[in-house]
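Visitor: Quick one: the structure is below, and I'll ask about it shortly.
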Amino acid sequence: PEDTVTGSFASFISAARPEHLSQTVRQRSKRMILDSLGVGLVGSTTRVFDIALRYCRLYSSVAVSSVYGKPGVKLSPTLAAFTNGVATHSMDFDDTWHPATHPSGAVLPALLAASQMIPPSTKPNGLDFLLAFNVGLEVQGRLMHFSTEAHDIPKRFHPPSVVGTLGSAAATAKLLSLSPAQCCHALGIAASLAGAPMANAATQAKPLHVGNATRLGLEAALLAARGMEANPLILDDIPGCSGFSAFYGVYRPKPLPAPGQHHEFLLEKQDIAFKRFPAHLGMHWVVDAALSVRNLFINYAGSFSPSLIRSILLKIPVSKYINRPFPSSEHQARHSFQFNACAALLDGEVGLGSFSESSIQRQELRELLDKVVVEHPEDNMANFDKMYGEVALLLHTGDVLTGKCDTFYGHWRKPLSKESLLKKFRSNASHVLPEEKIEAIITLVENLENLSDSSQL
């Protein structure tokens, strides 16, 4: 029934039309698509991507969908979605929203794979693709707003493995033009396939969370299209019987208004955070704070001289899985406040090369890590909308130099410029594509509404 929460979501997915997307929503979502493609392309150069691809090529299924960074390689739609999802999150370089999740990586690979699967006579156009992408974003955002727990840096479930799976199902259901009843069942099926524990953060298993979200959401929509049914109240709060509420301690769902006059897409109200370097979002606050205090230090001493530093004080929010004093692998380093602050201090930047084994094991970096002391001020909340990073250098002279960041460049309050986003995309894509193909993708995404066949993307 449409008067249930789940029914309202299903009706919204089915009823959404291109004219419901404002110009702001279209532009912001196209920026997300371009960034996610670039992140996926550079992610196709990683070891964890190679492992996932070798696994998927064990299966001799219908190979119709393309794989990031591998010309001529095609897999089944679901395995292509999985592999490309792994690539997108392989470096933790993908976009982030608030409440916390990685929205594009859970949706875009499913839509790319599905668009190549659909017969030529019914191929969705670029505007259909853009609409489906935004439906997937909207479902994720609305679900996260049902729980106050979701507003803080997560402790139990990795958000894209939860809301991302249902976002992928919703987006694919829209692209496949499923009926409201089928959309409802797709959400229910996806809920049974969702969820991954935070304990696998900072390991090679974490990119699987995004790979599974986009793949399993696609599978849920395909199963619903073929008649599989699920609980039609999966998003509702039913006492004594957990549905989607199983993922959150506090859960207060609300119906989703019908698209049109009384509905505004969440992307209209809040932009997305794009990362300038491949690490957990929390690292971007401490890196900007560290770069700020490094400049003060150079003005003070004439150059950056670690021997003048007695200790390094980090003021960061409490979040166990990103408080890692001595990371020993690239994935741990991407999730370490201490490592990212010290790498920024030592090198004056953080980039792709910062997370190589040789960079992580440098003696001078280890010596800086030995000097780090961590404090957790009560006013520094583990929340991507409210947290800050502060780095203070306590010198042997007794002087103290301090850098602080409450909004890094790339945060939704301080978005990347078009020039910065294009620079990031070109840099990422150049690892696997020639210049002419890179520019062709930029043109395709910028003119996505005019694309007659979305599978060309």
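The values are calculated or read from the model by the stated rules, or taken from the named source; none is laboratory data. These numbers come from a predicted model, not from an experiment. So basically every Cβ, Gly included, is an ideal-geometry build from the backbone, and we count neighbours across all protein chains shown. To get the accessible areas, we keep the full protein, side chains included, count just its heavy atoms, and leave off ligands, DNA and RNA. Shrake-Rupley method; radii C 1.70, N 1.55, O 1.52, S 1.80 Å.
Visitor: Among the numbered conditions (1) of a type in the set (V, I, T); (2) more than 30 Å from T407 (Cα to Cα); (3) surrounded by 24 or more Cβ atoms within 10 Å (Cβ to Cβ), tell me where T122 comes up short.
Guide: Every listed condition holds for T122 apart from (3).
Visitor: Starting from residues that are part of a helix (DSSP H, G or I) and under 16 Å from L112 (Cβ atoms), keep the ones in the stretch 426-446 and report whichever is most open to solvent (accessible area, probe 1.4 Å). Show your work before the answer.
Guide: Start the filter on the stretch 426-446 by keeping residues that are part of a helix (DSSP H, G or I), which leaves 426-429, 435-446.
Filter again for under 16 Å from L112 (Cβ atoms), leaving 429, 437, 440-441, 444-445.
Working: A429: 0, K437: 112, A440: 50, I441: 30, L444: 46, V445: 5 Å².
Checked the stretch 426-446; the qualifying residue most open to solvent (accessible area, probe 1.4 Å) is K437.
Visitor: Would you check which residues across the stretch 238-269 are within 17 Å of E149 (Cα to Cα), touching a residue at least 24 places away in the same chain (Cβ under 8 Å) and either open to solvent by 60 Å² or more (accessible area, probe 1.4 Å) or assigned to a loop (DSSP other than H, G, I, E, B) (or both) and list them?
Guide: Those that are within 17 Å of E149 (Cα to Cα), touching a residue at least 24 places away in the same chain (Cβ under 8 Å) and either open to solvent by 60 Å² or more (accessible area, probe 1.4 Å) or assigned to a loop (DSSP other than H, G, I, E, B) (or both): G243, Y248, G249, V250, Y251, R252, P253, K254.
Visitor: Turning to a different aspect of this structure: Among the candidates A194, A230, which residue alone is within 17 Å of the chain's Cα centre (by Cα) and either part of a loop (DSSP other than H, G, I, E, B) or free of Cβ contacts under 8 Å to residues at least 24 places away in the same chain (or both)?
Guide: Just a single option satisfies the conditions, and that option is A194.
So that you can scan it fast, the table gives a plain yes or no per residue for (1) in contact with a strand residue (DSSP E or B) (Cβ under 7 Å, 6 or more places away or on another chain); (2) modelled with pLDDT of 95 or more:
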position	(1), (2)
I309	yes, yes
L314	yes, yes
S319	no, no
H335	no, yes
Q338	yes, yes
A341	yes, yes
A344	no, yes
D347	no, yes
V350	no, yes
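Visitor: Something else about it: Of all the residues that make up the stretch 130-187, how many are among the β-branched types (V, I, T) and either outside any helix (DSSP H, G or I) or surrounded by fewer than 24 Cβ atoms within 10 Å (Cβ to Cβ) (or both)?
Guide: 2
Visitor: Counting only residues that are in a helix (DSSP H, G or I) and either without any contact (Cβ under 8 Å) to a residue 40 or more places away in the chain or among the hydrophobic types (A, V, I, L, M, F, W, C) (or both), which one in the stretch 99-114 is surrounded by the most Cβ atoms within 10 Å (Cβ to Cβ)?
Guide: Applying the filter and picking the extreme gives A110.
Visitor: Could you check the stretch 1-98 for helices (runs of 4 or more DSSP H) lying wholly inside it with 1 or more residues that are of a type in the set (K, R) and surrounded by fewer than 23 Cβ atoms within 10 Å (Cβ to Cβ)? Spell out how you get there, then give the answer.
Guide: On the way: elements: 5-15, 23-43, 47-56, 77-89.
Because the criterion is at least 1 residues that are of a type in the set (K, R) and surrounded by fewer than 23 Cβ atoms within 10 Å (Cβ to Cβ), the helices (runs of 4 or more DSSP H) in the stretch 1-98 that meet it are 23-43, 47-56.
Visitor: A further question on this structure: Condition first: surrounded by 23 or more Cβ atoms within 10 Å (Cβ to Cβ), more than 22 Å from the chain's Cα centre (by Cα) and among the aliphatic types (A, V, I, L, M). Now tell me which residues in the stretch 342-369 satisfy that.
Guide: Hits for the stretch 342-369 are A343, A344, L345.
Visitor: So which of V48, V5 ends up being more than 21 Å from the chain's Cα centre (by Cα) and among the β-branched types (V, I, T)? Walk me through it before giving the result.
Guide: Numbers: V48 fails: more than 21 Å from the chain's Cα centre (by Cα).
After applying the criteria, what remains is V5.
Visitor: Name the single residue that is nearest to F49 (Cα to Cα) among those in the stretch 316-328 being open to solvent by 40 Å² or more (accessible area, probe 1.4 Å) and part of a loop (DSSP other than H, G, I, E, B).
Guide: Taking the candidates together, the pick is S328.
Results for (1) modelled with pLDDT of 95 or more; (2) of a type in the set (D, E, K, R); (3) within 19 Å of F277 (Cα to Cα), shown as yes or no for each residue.
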position: L394; (1), (2), (3): yes, no, no
position: L401; (1), (2), (3): yes, no, no
position: W412; (1), (2), (3): yes, no, yes
position: K418; (1), (2), (3): yes, yes, yes
position: A440; (1), (2), (3): yes, no, no
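Visitor: While we're looking at this one, here's another question. Quick test for you: out of E349, E364, pick the one residue that is in contact (Cβ under 8 Å) with a residue 24 or more places away in the chain, more than 30 Å from M144 (Cβ to Cβ) and in a loop (DSSP other than H, G, I, E, B).
Guide: After ruling out the rest, the residue left standing is E349.
Visitor: Could you list, in sequence order, the residues of the stretch 385-405 that are touching a helix residue (DSSP H, G or I) at 6+ places or on another chain (Cβ under 9 Å) and either part of a strand (DSSP E or B) or not assigned by the TED database to the domain that holds F304 (or both)?
Guide: Residues satisfying the conditions are G389, E390, V391, A392, L393, L395, L401, T402, G403, K404, C405.
Visitor: Same structure again: I'd like the residue in the stretch 383-416 that is open to solvent by 40 Å² or more (accessible area, probe 1.4 Å) and hydroxyl-bearing (S, T, Y) and, out of all such residues, is nearest to T443 (Cα to Cα).
Guide: The selected residue is Y409.
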